[in-house]
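Heads up, the thing below is written out as structure tokens.
The values are calculated or read from the model by the stated rules, or taken from the named source; none is laboratory data. Not measured: the values here are computed from a predicted model. Please note: Cβ atoms are built from the backbone with ideal geometry, for glycine as well, and neighbour counts cover all protein chains shown.
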Amino acid sequence: MNREISLHSSVHEVEFWKRYRALLRMMAHLESREQMIRELQEETAIPEKTRDEAVGHLKAEHSQNIGAFHDFLVNFSSLALQGLHRVDISIEFSFRDDGNLRCHRCVIYVDGRSRDLLVEEGQRLLSLLPRMGDELHPEESLIRFYEGLERDFDRNSRGELERCSLEVRQEIYPGSGFSAKIRLPAQVFLGNTE
């Protein structure tokens with residue numbers, strides 16, 4: 001006799017919030033490691049060679065931990081899609097005519113709760129945006145990219161239109177460039193990463 005096992009929705013809720021707390025602990029750990037690396041780099045009482053070796057090892061470990069965090073974030077976002085949870089990501093960044101994107105801030109929103117993500121994670125997510133240096137007006141490429149995603153998401157959003165937004169500002173001084181802030185459901189970013 002073949003029986004399917006199904007989980008009660010409350011089991012999903014417990015697992016979702018358990019993973020959310022784990023996500024917060026991982027972010028706190030990564031932030032404390034970044035702080036330790038900065039403090040060690042500024043320490044003058046340690047011989048330079050010893051300090052550089054220690055910083056190099058810590059940076060290598062930190063890079064691996066950021067990779068593990070990204071994988072966990074992708075899984076967390078997938079789990080949210082299985083329930084009734086909203087997970088969005090916003091990224092504040094700047095770019096010049098050459099199309100290089102530089103992340104300044106990245107925020108995750110989980111059912112209305114916001115928390116800063118690491119800038120490195122924001123930089124990784126920015127790599128999904130189209131290359132903008134290939135056009136005369138790179139901001140137009142970003143706007144077209146956003147409009148396509150917004151249109152696709154709005155069809156399936158059940159009226160949750162505030163989850164998508166884009167702000168683009170042109171900077172004139174000290175040099176020509178743009179600053180932007182984009183907010184999209186996490187699955188848009190995380191469903192397309194490696």
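Only one of (1) of a type in the set (A, V, I, L, M, F, W, C); (2) outside the structural domain of VAL168 (by TED's automatic domain parsing); (3) touching a residue at least 60 places away in the same chain (Cβ under 8 Å) fails for ILE37. Which number is that?
With respect to (1) of a type in the set (A, V, I, L, M, F, W, C); (2) outside the structural domain of VAL168 (by TED's automatic domain parsing); (3) touching a residue at least 60 places away in the same chain (Cβ under 8 Å), ILE37 is out only on (3).
Got a sec? Which of LEU40, LEU84 is outside any strand (DSSP E or B), surrounded by fewer than 17 Cβ atoms within 10 Å (Cβ to Cβ) and in contact with a helix residue (DSSP H, G or I) (Cβ under 8 Å, 6 or more places away or on another chain)?
Just one listed residue meets the conditions, LEU40.
Search segment 153-171 for residues being under 18 Å from PHE93 (Cβ atoms) and more than 20 Å from the chain's Cα centre (by Cα), and hand back the single one that is modelled with the lowest pLDDT.
GLU171
Here is a check on your reading of the model: is SER90 closer than 18 Å to LEU118 by Cβ, assigned by TED's automatic domain parsing to the domain that holds LEU184 and either of a type in the set (S, T, N, Q) or out of contact with any His (no Cβ under 7 Å at 6 or more places or on another chain) (or both)?
yes
Here are some conditions: (1) in contact with a helix residue (DSSP H, G or I) (Cβ under 8 Å, 6 or more places away or on another chain); (2) in the same structural domain as ARG115 (by TED's automatic domain parsing). HIS62 meets all but one. Which one does it not meet?
(2)
Looking at GLU150, GLU139, which one is modelled with pLDDT under 85, under 20 Å from the mean Cα position of the chain (by Cα) and surrounded by 15 or more Cβ atoms within 10 Å (Cβ to Cβ)?
Exactly one of GLU150, GLU139 is modelled with pLDDT under 85, under 20 Å from the mean Cα position of the chain (by Cα) and surrounded by 15 or more Cβ atoms within 10 Å (Cβ to Cβ), namely GLU150.
Could you look through segment 104-135, keep only residues that are of a type in the set (Ser, Thr, Tyr) and at pLDDT 90 or above, and pick out the one that is surrounded by the fewest Cβ atoms within 10 Å (Cβ to Cβ)?
SER114
Does at least one position in segment 73-81 carry a residue that is in the same structural domain as GLN123 (by TED's automatic domain parsing) and in contact with a Ser or Thr (Cβ under 7 Å, 6 or more places away or on another chain)?
Scanning segment 73-81 turns up no residue that is in the same structural domain as GLN123 (by TED's automatic domain parsing) and in contact with a Ser or Thr (Cβ under 7 Å, 6 or more places away or on another chain).
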